[in-house]
Every structure is written in structure tokens, then in C-alpha cells.
Amino acid sequence: MSDAIVQQGNMTRRTLSAGREVMAGRRRGIGAFLPFAGPAIIASIAYVDPGNFATNIQAGARHGYLLLWVVVVANLIAMLFQALSARIGIVTGQSLASLCRQHFPRPVVLAMWVASEGAAMATDLAELVGAAIGLSLLTGMPMLPALLLAFGITWGLLSLQSHGFRPLEIVITGFVGIICLGYVIELAIAPPDWGAFAFHSVVPQLAGVDSVTLAVGIVGATVMPHAIYLHSALMPNRMPATTDAERRKVLRFSNREVLFALGIAGLVNMAMVAMAATMFHHDHSGVGEIETAYRTLLPLMGVFAAGAFLASLLASGIASSVVGTIAGQTIMQDFVRIRIPLWVRRVITMLPALVVVLIGVNATDALVMSQVVLSLVLPVPMIALLLLSGRSGVMGSFVLRRHVRAAAWAATGVVLTLNAILLLQTFGMDLSLLIGV
């Protein structure tokens, strides 16, 4: 333990030392939680990335508050799987990808790696394009130089990894704070109908084929493959535990952080829908693109509100791009034990976004298509996580209890069914044949 601390930066060393104090019982209260906070916040950025902006804006503009309950359900499922991902990392001391390599047949592992690499690249496409949209709207520069600037910013932030885990955690937390503040400002300037907000958050309702499509899209854009892989990889060296008692203590703090971080992300997504419902639903229901939303907000709510929206989008794109690159690197290293320089990885994952911009693909359409790719890959980490978490040979005394396993498989069935509907509709099937409306 002491060697691991020595190799870290000062801020990270202090965090590790404080965590050991907590596990020894010498620190309690809010101060006991802080050394363990960070991994779930990093994972949570995947749940407020530019793909969520696009889907939530469309949902609120077209259907008002109607689909808020879908955001709630999707977020509860996300909480469950991020908690399970952190759990397997804490208990085994290994990442989900590494455990897959050890316990599944090699052909299966290679197929999982290829699919997961595709998801990582699709994720980075959405996040880089989202950051480029924000920079383009902010500065007026064309998309290509905005994309290159976004690449440079995210590359600079990735260098923080050389100073240990804590500096990057703090920076990502700052970006999450910017996103949250942006939507607090939006709701303060244009308060929603809080009665309708509360009602539709808990009462499931749909209104035709389009609402079903958007509901499926919200769920499909929420539970993210790369976030599931990444969370497990962040935990083993984050606060090392050597006994089962210490692992249980770390698990308790981890679960609390998941509830907090993913709860904040869920509220931000609900605020996105509410803002779009308040500002666009009655007179601008055709708003479906991020750029259009910004240009519509500007005359309706003023430069301050539009600026808050833009700051949130930019923070989302940059932070999620950083996290997506780290997740992609983890997937490659742990599935197939290939290590490449981070700058090479960054250039490779940037190429799809560069192609999209060069050939002139609509940015919001690119975001939507990236979600389709993620939907195709989503079953891979979800099912692998549940299979491994249910094995006593992997988890020992921490194997999932029967009721938790049943709930997780039920949630998996819901997500996979909705994603299958989304894919069928994307590729031309008449959704009314499936739902009878």
C-alpha cells in the first residue's frame, strides 16, 4: 500500500491516506465519504453526454413532460448496473473486461473486444461532435477547426492522468457542476409547470408511435457500454481493500456515490426534457437539433439562458470525450492486453468524427446514429456483468443475491427489448405493427 501511495501525486496520496483512515475507523461523517467519491462521478458523465442532449430536447419539444417517467426508469436501471460494475471491480480487484478475458472462451472474448471497440469509437464520435458543436456555436468557427480544438482540449485534460486519479476526478466533477448549473439557470429563467413535471415523472404515459420511438431512444442513450466497463476498471486501485470487511466498507461508500452521482445525472436529464417542454413544445415543437435549440433559445430566453445551455453542452462534450477515451484504452488493454500510446488511441478514436465532419453529415444525425451502434453493443457488457457477478468462483461471498440478480436480469430484458425496437424502427420497420397504435 505504501509503495502505491508513493507513486501517486500529492493530491492522490492525500486521498488514499484519508481513505485508509476511514477504513481504520478514525474518520467519520461527511469527511469519510469524500475520499471515496470520484469514480461514479466520472462514470456519470456518460449519462449527460451530447447524445442525451439531442434525445431529451426532441422528447420535450415534441411531447412536453410526457416522457419524464422514461428518464426516471432509465436512470434507475443505470444506477443498478453502475453499482454492479463497481462491485465486481472492488471484490475481484479486476476490471470487467479483464474478467471476461479470463472466464470466457477466446473466440467469444475477441468478438466482445471488437464489438466493444466499435462502441468506444461510436461514443467518442458523439462526444467529440457534441464538443465541436458547442465550440462552433460559441465562437462561430466552422465545424472542422472546432473539432480539432476539441481534440486539443481533451488531449490536454488526459495528461492529468500522470498525476494520479484525483486531479482528473476533480476536473470532471467541475464539468458536471457546470452542466448542473447551466440547467439550474435554465429552470430559474423559465420555470416548468411543476405539477405536470411531478405527475409525468411517476405516471407512465405514451402518445403514439413517435413517443414510443423517443422513449426507446432515451433508454438506449442512457445505459452506456463504455461506462459499465470503465467503472469496474476504476475501482481496483482507487481505494485498495485487502480484507472482506474492508471490501464491504468500500462497497457501501461506492453504492452511496452511485446513488448521488447518477441521481444528479438523472435530474439533469429531467431538466433537459423540462426545459424543452417549457420553451419549445407549444410553439416550436419541430425543434430536433442541438444547433436549432440554441438558436431558438437565444431570442426566446435571452443571451444568458442560451449561454448557459451552450456552456452545459460544451462541458458535456469535452468531459465525456475525455472519459470515453479512457474507457476505450481500458477496453483494449484488458480484453487483449494491447498497450498503445494514449495519443495514438486518441487519434484513432477521433477519425470517425473527422470523417463525419469532412463529408458534411448532419451533426445531430451523427449523434443519433452513434446511439444505434451503442444499442447494438449494449447486451455485451450487461450480460457479461450479470453472468460473472452470479458466479461464486468469481465473487466468493459477494455473489449477487437471488432477488438482486432477478431484478438485474429483468432490467436487462427491458433495456434489450427497447433497444431491439429502436433498431428495428431505425432500419425501417413500421413501429405501429409492434405496438398497435
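Take the range 309-363 and flag every residue that is in contact with a Pro (Cβ under 7 Å, 6 or more places away or on another chain) and within 18 Å of P142 (Cα to Cα).
L313, G317
Is there a residue being of a type outside the set (A, V, I, L, M), under 23 Å from L80 (Cβ atoms) and surrounded by 23 or more Cβ atoms within 10 Å (Cβ to Cβ) anywhere in the range 271-281? Give the steps one after another, and end with the answer.
First pass over the range 271-281, keeping only residues of a type outside the set (A, V, I, L, M): 278, 280-281.
From what's left, under 23 Å from L80 (Cβ atoms): none.
For the range 271-281, residues of a type outside the set (A, V, I, L, M), under 23 Å from L80 (Cβ atoms) and surrounded by 23 or more Cβ atoms within 10 Å (Cβ to Cβ): absent.
Of all residues in the range 190-206, which are of a type in the set (A, V, I, L, M) and surrounded by 14 or more Cβ atoms within 10 Å (Cβ to Cβ)? Give the steps one after another, and end with the answer.
Within the range 190-206, the subset of a type in the set (A, V, I, L, M) is 190, 196, 198, 202-203, 206.
Correct list: A190, A196, L206.
If we scan the range 21-38, do we find a residue that is crowded, with 17+ Cβ neighbours inside 10 Å and more than 27 Å from the chain's Cα centre (by Cα)? Outline the logic, then answer.
As a first pass, look at the range 21-38 and keep what is crowded, with 17+ Cβ neighbours inside 10 Å: 22-23, 32, 35-38.
Keeping just the survivors that are more than 27 Å from the chain's Cα centre (by Cα) gives 22-23.
Looking through the range 21-38, at least one residue is crowded, with 17+ Cβ neighbours inside 10 Å and more than 27 Å from the chain's Cα centre (by Cα).
Look through the range 160-202, keep the residues that are within 22 Å of the chain's Cα centre (by Cα) and among the aromatic types (F, W, Y), and return whichever of them is nearest to A274 (Cα to Cα).
The qualifying residue nearest to A274 (Cα to Cα) is Y183.
Quick check on the range 139-163: of everything there that is among the hydrophobic types (A, V, I, L, M, F, W, C) and free of Cβ contacts under 8 Å to residues at least 60 places away in the same chain, which residue is surrounded by the most Cβ atoms within 10 Å (Cβ to Cβ)? Give the steps one after another, and end with the answer.
Applying the first criterion (among the hydrophobic types (A, V, I, L, M, F, W, C)) to the range 139-163 yields 141, 143-144, 146-151, 153, 155, 157-158, 160.
Right, trim to free of Cβ contacts under 8 Å to residues at least 60 places away in the same chain and you get 141, 146, 148-149, 160.
Values: M141: 15, A146: 23, L148: 17, L149: 16, L160: 18.
Selected residue: A146.
For the range 164-177, which residues satisfy the criterion of being hydrophobic (A, V, I, L, M, F, W, C) and surrounded by fewer than 18 Cβ atoms within 10 Å (Cβ to Cβ)?
Just the residues of the range 164-177 that are hydrophobic (A, V, I, L, M, F, W, C), to begin with: 165, 168, 170-172, 175-176.
Matches in the range 164-177: I170, V171.
Condition test on L76, is it at pLDDT 85 or above, assigned to a helix (DSSP H, G or I) and more than 30 Å from H281 (Cβ to Cβ)? If you could, list the steps in order and put the result at the bottom.
Values: at pLDDT 85 or above: yes; assigned to a helix (DSSP H, G or I): yes; more than 30 Å from H281 (Cβ to Cβ): no.
No: the conditions fail for L76.
Does the range 153-183 hold any residues that are under 19 Å from L310 (Cα atoms) and out of contact with any helix residue (DSSP H, G or I) (no Cβ under 8 Å at 6 or more places or on another chain), and which are they? Let's see the steps before the verdict.
Residues of the range 153-183 that are under 19 Å from L310 (Cα atoms), as a first pass: 153-154, 171-183.
Across the range 153-183, the qualifying residues are G174, G177.
Across the range 295-344, what is the number of residues that are in a loop (DSSP other than H, G, I, E, B) and either over 21 Å from A115 (Cβ atoms) or under 15 Å from the mean Cα position of the chain (by Cα) (or both)? Show your work before the answer.
Step one: of the range 295-344, the residues in a loop (DSSP other than H, G, I, E, B) are 302, 337-341.
If we keep only those that are either over 21 Å from A115 (Cβ atoms) or under 15 Å from the mean Cα position of the chain (by Cα) (or both) as well, we get 302, 341.
Counting residues in the range 295-344 that are in a loop (DSSP other than H, G, I, E, B) and either over 21 Å from A115 (Cβ atoms) or under 15 Å from the mean Cα position of the chain (by Cα) (or both) gives 2.
The values are calculated or read from the model by the stated rules, or taken from the named source; none is laboratory data. Source: prediction; values computed, not measured. Cβ sites come from the backbone with ideal geometry, for glycine too, and all protein chains shown count toward neighbours.
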